[in-house]
Amino acid sequence: MTDISQLQTDLEGRIAAAADLGALEAIRVEALGKTGTVSELLKTLGRMTPDERKVEGPRINGLRDAVAAAVAARKGALETAELDAKLASERVDLSLPPPPQRRGRVHPTMQVLDEMIAVFADMGFALAEGPDIEDDFHNFTALNFPPKHPAREMHDTFWLPEDEKGERKVLRTHTSPVQIRTMQRLNEKLPAWIANGQEPPIRVIVPGRTYRSDSDATHTPMFHQMEGLVIDRAIHMGHLKWTLDQFIARFFETPAVESRFRPHHFPFTEPSAEMDVRCDRSGGDVKIGQGDDWMEVVGCGMVHPNVLRNCGLDPDVWQGFAFGFGIDRLGMLKYGMPDLRDMFASDVRWLEHYGFSAFQAPNTSTGLS
Ligand code: PHE
């Protein structure tokens, strides 16, 4: 006859020694499975006399309960150990320095663009946009460039091949075509606006890419301009000068920047001027606001009556001024970059040096903190 207590001791010993859940399961099946040793013993109860059963029943059932309890206990212990081992192997050491990671920088043109927008937005200007690929009408004709006039050559235009209508589109040579697009929109909406008693002035800035076939230290085939356009009744040159002076003082963060207006010619403005700011080129770098030199920063003027007429606006009712900044050029001046071509050479070392951090301390006045 099987020695029950011996069997229990054996099984308990082997269960306690089971190295993993697989080994434990094998022992459980061997003892408690359908044909396991303990199960076979339980089956013998049915063949016993009532007296024998009275004695053997509690012993065999006790054996089964003890073995099942031992399996459960060992299973719990093995599972905990397995989890502990997993946690230990997947442990993250938070004290380790992070792996080196390259952080992107904001390109100076984009930084300067944001700064310019911030200043003009404060003065009540809205943003407008237009396409990079323009037609001759918006880029030249509507801006009072006469057909076949040599002024059309002055921009070293990139012409696209003829389309099916025999027209040649251009890569816009300036952001001024968006003046036309904006005034045309005003003209379309004007009757409705007037009917509503809310006839607004136009005050827009137009940042964008522009293209000319040109390349040297201050010219690249693609560059960025920011156009400005104000249209209202009784606008005059004093408004233009004030606006540009305000802008220059705020953009260069000093009221001491001295500017001058030189008469110039643009087909789409009359009178036209170029504004220069005082600078010093003697030390190699350009220093703004001091010195004996001048640097041209913006072309400007009063919107030519022909341009207003080309957009369906009556020049006896509407006047306006316009200006066109070179965004990259302003960046060179403010942040001391000597060569415009470097801006678009995509050299990461240059960007690391001249770029700006994308992460700036939250401005407390905006309620972010
Ligand atoms: N479009 C002119 C240029 O590219 C600049 C300009 C804009 C001049 C608006 C006058 C008014 O040189």
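If we scan region 271-279, do we find a residue that is modelled with pLDDT of 95 or more, among the acidic types (Asp, Glu) and in contact with a Lys or Arg (Cβ under 6 Å, 6 or more places away or on another chain)?
Yes; the residues of region 271-279 include at least one that is modelled with pLDDT of 95 or more, among the acidic types (Asp, Glu) and in contact with a Lys or Arg (Cβ under 6 Å, 6 or more places away or on another chain).
Give region 167-189 a look and list any residue that's touching a residue at least 60 places away in the same chain (Cβ under 8 Å) and either more than 18 Å from Val206 (Cβ to Cβ) or within 15 Å of the ligand (Cβ to nearest atom) (or both), or say none.
Result: His174, Thr175, Ser176, Gln179, Ile180, Met183.
State all residues of region 122-131 that are within 16 Å of Gly324 (Cα to Cα) and within 22 Å of the chain's Cα centre (by Cα); if no residue qualifies, say none.
Passing the criteria: Ala126, Leu127, Ala128, Glu129, Gly130.
When you scan region 63-71, do you find a residue that is among the aliphatic types (A, V, I, L, M) and either within 30 Å of Gln246 (Cβ to Cβ) or part of a loop (DSSP other than H, G, I, E, B) (or both), even just one?
In the first step, residues of region 63-71 are kept if they are among the aliphatic types (A, V, I, L, M); the result is 63, 66-71.
When the remaining residues are screened for being either within 30 Å of Gln246 (Cβ to Cβ) or part of a loop (DSSP other than H, G, I, E, B) (or both), the result is none.
Within region 63-71 (the criterion being among the aliphatic types (A, V, I, L, M) and either within 30 Å of Gln246 (Cβ to Cβ) or part of a loop (DSSP other than H, G, I, E, B) (or both)), the answer is no, since none of the residues qualifies.
Condition check: free of Cβ contacts under 8 Å to residues at least 60 places away in the same chain and within 11 Å of the ligand (Cβ to nearest atom). Does Pro271 satisfy that?
Working: free of Cβ contacts under 8 Å to residues at least 60 places away in the same chain: yes; within 11 Å of the ligand (Cβ to nearest atom): yes.
For Pro271, the condition - free of Cβ contacts under 8 Å to residues at least 60 places away in the same chain and within 11 Å of the ligand (Cβ to nearest atom) - is met.
Please state which of the following conditions Asp285 fails to meet, knowing it meets all the rest: (1) under 22 Å from Gly208 (Cβ atoms); (2) outside any helix (DSSP H, G or I); (3) more than 13 Å from the ligand (Cβ to nearest atom).
(1) is the only condition that Asp285 fails.
Would it be correct to say that Ala256 is part of a helix (DSSP H, G or I) and more than 25 Å from Met183 (Cα to Cα)?
no
Residues that are out of contact with any strand residue (DSSP E or B) (no Cβ under 8 Å at 6 or more places or on another chain) and modelled with pLDDT under 95: does region 285-305 have at least one? Give the derivation first.
Step one: filter region 285-305 for residues out of contact with any strand residue (DSSP E or B) (no Cβ under 8 Å at 6 or more places or on another chain), giving 285.
Now drop any that are not modelled with pLDDT under 95, which leaves 285.
Yes - at least one qualifying residue is present in region 285-305.
For region 212-226, state whether one or more residues are closer than 23 Å to Cys311 by Cβ, surrounded by fewer than 18 Cβ atoms within 10 Å (Cβ to Cβ) and away from the ligand (no atom under 14 Å from the Cβ).
no
How many residues are over 35 Å from the mean Cα position of the chain (by Cα) and either within 16 Å of the ligand (Cβ to nearest atom) or of a type in the set (Gly, Ala, Ser) (or both) when one looks only at region 227-238?
Matching residues across region 227-238 total 5.
With the structure loaded, tell me whether Asp163 is in contact with an Asp or Glu (Cβ under 9 Å, 6 or more places away or on another chain) and more than 25 Å from Gln319 (Cβ to Cβ) or whether it fails that test.
no
Please indicate, with yes or no, whether at least one residue in region 145-166 is within 16 Å of the ligand (Cβ to nearest atom) and in contact with a helix residue (DSSP H, G or I) (Cβ under 7 Å, 6 or more places away or on another chain).
yes
Within region 1-35, restricting attention to residues that are out of contact with any Leu (no Cβ under 9 Å at 6 or more places or on another chain) and within 17 Å of Arg59 (Cβ to Cβ), which residue is surrounded by the fewest Cβ atoms within 10 Å (Cβ to Cβ)?
Checking each candidate, the answer is Met1.
Could you tell me which of the residues Arg260, Arg250, Arg278 is without any contact (Cβ under 8 Å) to a residue 24 or more places away in the chain and not aliphatic (A, V, I, L, M)?
The match here is Arg278.
Does Asp328 satisfy being in contact (Cβ under 8 Å) with a residue 60 or more places away in the chain, surrounded by 12 or more Cβ atoms within 10 Å (Cβ to Cβ), under 31 Å from the mean Cα position of the chain (by Cα) and assigned by TED's automatic domain parsing to the domain that holds Met226? Talk me through it step by step, then tell me what you get.
Numbers: in contact (Cβ under 8 Å) with a residue 60 or more places away in the chain: yes; surrounded by 12 or more Cβ atoms within 10 Å (Cβ to Cβ): yes; under 31 Å from the mean Cα position of the chain (by Cα): yes; assigned by TED's automatic domain parsing to the domain that holds Met226: yes.
Criteria met by Asp328.
For region 306-325, name all the residues that are of a type in the set (A, V, I, L, M), part of a loop (DSSP other than H, G, I, E, B) and buried (at least 20 other Cβ atoms within 10 Å of the Cβ). Lay out the reasoning, then the answer.
Of the residues in region 306-325, the ones of a type in the set (A, V, I, L, M) are 307-308, 313, 317, 322.
Add one more test, that the residue is part of a loop (DSSP other than H, G, I, E, B), and what stays is 313, 317.
Matches in region 306-325: Leu313 only.
So Arg278 ticks every box in (1) away from the ligand (no atom under 16 Å from the Cβ); (2) not in a strand (DSSP E or B) but one. Which box is left unticked?
The one condition Arg278 does not meet is (2).
Looking at (1) within 12 Å of the ligand (Cβ to nearest atom); (2) in contact with a helix residue (DSSP H, G or I) (Cβ under 9 Å, 6 or more places away or on another chain), which is the only condition Phe251 fails?
(1)
Looking at Gln246, Gln290 in this structure, which one is closer than 19 Å to Ile202 by Cβ and either surrounded by fewer than 16 Cβ atoms within 10 Å (Cβ to Cβ) or more than 12 Å from the ligand (Cβ to nearest atom) (or both)?
On the way: Gln290 fails: closer than 19 Å to Ile202 by Cβ.
None of the others qualify; the one that does is Gln246.
I'd like the full set of residues that are charged (D, E, K, R), in contact (Cβ under 8 Å) with a residue 40 or more places away in the chain and surrounded by 15 or more Cβ atoms within 10 Å (Cβ to Cβ), limited to region 227-241.
The answer is Glu227, Asp232.
Do any residues in region 130-147 that are over 13 Å from Val170 (Cα atoms) have Cβ atoms under 6 Å from those of residues that are aromatic (Phe, Trp, Tyr), where the two are at least six apart or on different chains, and which pairs are they?
Pairs found: Leu143/Phe268; Asn144/Phe268.
The values are calculated or read from the model by the stated rules, or taken from the named source; none is laboratory data. Just so you know, these numbers come straight off a predicted model, no measurement behind them. Every residue, glycine among them, receives a Cβ derived from its backbone with ideal geometry; neighbour counts consider all protein chains shown.
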